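Worksheet: one structure, shown below.
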């Protein structure tokens, strides 16, 4: 198969070079075949080669059927639509996206693979283009709200995805009996060519918009997240989920007498990492023990193919959509306390300065002594809670060693320039009907940080070993930011009296770290932190190691979560093949052929999961505030734009005070300092300023929350109670 592909690529190169010759004149297919003496039997392959070159934008076909080298520079990429009609095309291995004006989208929809022609290039970061051809549609189904048309002879689906700028027309005979208010899935039958609305047919009725669970299910369907496992996969999971036997333990390092624990959130069920720490002299022996999922999920089995397609577990506010069936993820693969489990362990000797001076990666059998929660460990280490200390007396010395080692590891990471963006995540408490009853920020504490530190160190250690082994591997990489974006950030922060040392080469992570330290606790911190984050590139999976900018790490991978991330599962397979002496030339070629696509697919699935998770959080925040219209809260100004001010509340809800709702004056916006000043009153609003607001709107469709300015003390007692409860 690979040989065939190589021959095809060679022929493409020959044909393209032939057409680039200065003596070449535009020719039809049969003329090219005659000149190059291509037989009648090979003519179809020539046609395929020419079609491929045309798809890539390297050659063009005239109306008379003649082929020539394209005069315009054509590129192929993914179109990302904007709500305002324009869009951007992301081209693989290109540093910056290409802007597509609303008049040049060519009917492309969000997610389409398109061919574009470059129209204008003003430097590497400013390119504009037009869509010349839609190569592949990214959206085949639309999730939205059904509304009957006039006379109920047809209907429309109003898409949840607002980047789809038009409603979808549904003939009545294709409506599946949907009625007003139903959330539905519509399959597109046409894409609205020549100015017409897209057309479709309803293939699923999710439920009524007011039914419990319909809102989250709509997001699940909108992102095409797989809810159910095929029966074949479930059957295979049930067959392999057998208790650990003596045969399973053969050849493994037996660590069952090591004191070790799992430390997770209270509601976690898929426990894929256990930790142990002992001291030898001044050195620490840190064991990070990871569930050996590959023992149960064989390469290219039905289980493996399903896990590959899913790419990752998805954590939504009301449910988890797992990568592996619960039989495995919550059962035999979960490192449950009191049970023998198979693991892949990374055992590191760490000196007092935080350097890993020696390590071993081994197949092991372990026996977790205690399932701990972040809350309990934090109570022991930070609160020194007598009850908790008494309850877990035998583990307290190990937790204290863990705390000390964690500080050493973090200090070393900080010294080399690792960046820590500490934005509060939201914890949402739902009632039995899925309604949000409480919002609060997730607390990062000593316990969460120590697990984070240990996992990062194990990931780095494994990545470095396999980089120097020169074996095929999957890395977690994060490239340095674009020079242009960093220079724009440096110019902006000058307005606040801050500076960054850029030098002649690329920016170093240490400079970003220093900036975040400078603004910590200052009014401008939220804005500058967000702008610094936006200047970064997105971390992704790659088959080549280019280092991790954000962590200031030369080597980094994802090794510690094979229950919920496919790349971790894949590298466990590589590690075990190496440990067992099975990494021969055939295996190396196999991994070299599959890893680039596995990296790309895993990165895409990760982005899909992240977007779905964000959408469910935004939805529940809006739902929560819908119940609190008219309430008054104190928040902090987190952003200022020409259309208004964003205010963040203690419970992480962010809403907009629109300029049209600032009726006491006409406000002018200072773009350089992100400030608003009243023309008549002289009142100035600045970043980080505390502000009392009243909730005046919450739109579930748009996922937006609107505030207006309120004077302190205007809230009645009932509203005050809400505020106090939320703040706590």
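Here, each number is a calculation from the coordinates, and none is a lab measurement. Remember, predicted model here, so these are calculated numbers, not experimental data. Here Cβ is always computed from backbone atoms with ideal geometry, including for glycine, and neighbour counts include all displayed protein chains.
A few points about this structure:
- Across the range 529-547, the residues whose backbone nitrogen lies under 20 Å from the label position 7 Å along the beta-carbon direction of residue 84 are 531, 534-535.
- Gain upon complete extension [residue 684, residue 52; 0.36 nm per residue less C-alpha separation]: 221.6 nm
- The listed peptides 58-67, 542-551, ordered by packing as a protection proxy, come out as 542-551, 58-67 (highest mean of other Cβ atoms within 10 Å first).
- Rg and Dmax of the range 88-226, both derived from C-alpha coordinates alone, stand at 17.5, 55 Å.
- Taking the inverse of the mean 1/r over every pair of distinct Cα atoms in the range 2-69 gives a Kirkwood hydrodynamic radius of 12.2 Å.
- Cβ-Cβ FRET estimate between residue 614 and residue 586, R0 fixed at 45 Å, reported to 0.05: 0.60
- By the count of other C-beta atoms within 10 Å, a proxy for reagent exposure, 14, 25, 659 are ordered fewest to most as 25, 14, 659.
- Here the residues 388, 452, 103, ranked from fewest to most Cβ neighbours within 10 Å of their Cβ, fall in the order 103, 452, 388.
- Normalised contact order of the range 538-696, rounded percent, pairs of Cα under 8 Å and 6 or more residues apart: 17
- Considering helices alone, the calculated mean residue ellipticity of the chain at 222 nm is -10000 deg cm²/dmol, with DSSP H runs of length four and up weighted by -39500 (n - 2.57) and normalised per residue.
- Remark: relative contact order (the chain) = 8 percent; criterion is Cα-Cα distance under 8 angstrom and separation of 6 or more residues.
- Put simply, the Cα atoms of the range 293-370 extend 42, 31, 26 Å along their principal axes, the longest span coming first.
- Gain in span if fully extended, residue 506 to residue 257, counting 0.36 nm per residue against the direct Cα distance: 84.7 nm
- Mean shadow area of the range 507-619, taken as a quarter of the surface of its Cα convex hull (nm²): 9.7
- Rounded to the nearest 0.05, the FRET efficiency derived from the C-beta distance between residue 661 and residue 432 at R0 = 30 Å is 0.25.
- Stretching residue 40 away from residue 315 to a fully extended chain increases their span by 93.4 nm, per 0.36 nm per residue minus the current alpha-carbon distance.
- Ellipsoid fit via the Cα gyration tensor, the range 480-536: semi-axes of 17, 11, 11 Å, each the root of five times an eigenvalue, largest first.
- Label reach from residue 283 (point 7 Å along Cα→C-beta): in the range 342-366, amide nitrogens under 15 Å belong to 347-361.
- Taken over the Cα atoms of the range 350-437, the convex hull encloses 214 Å³ per residue.
- Between the beta carbons of residue 554 and residue 700, assuming R0 = 41 Å, the FRET efficiency works out to 0.35 to the nearest 0.05.
- Taking 7 Å steps out from each Cα toward its Cβ at residue 197 and residue 525 produces label points 5.0 nm apart.
- Considering only Cα atoms, the convex hull volume of the range 141-211 works out to 82 Å³ per residue.
- Taking label positions 7 Å along the Cα-Cβ direction at both residue 268 and residue 247, the computed distance is 3.3 nm, reported to one decimal.
- Spin-label model, residue 16 to residue 150: label points 7 Å out along the Cα-to-beta-carbon direction sit 5.4 nm apart.
- Overall Cα dimensions of the chain, principal axis frame, Å, largest first: 87, 77, 62
- Neighbour-count ranking [beta-carbon atoms within 10 angstrom, fewest first] of 261, 660: 660, 261
- Three principal axis extents describe the C-alpha atoms of the range 605-711; from largest down they are 50, 31, 22 Å.
- Kirkwood Rh, Cα atoms: Rg over Rh of the range 379-538: 1.05
- In range of the label at residue 382: residues from the range 235-271 whose backbone nitrogen is under 15 Å from the point 7 Å along Cα→Cβ: 264-266
- Percentage relative contact order, the range 337-382, counting C-alpha pairs under 8 Å, at least six apart: 42
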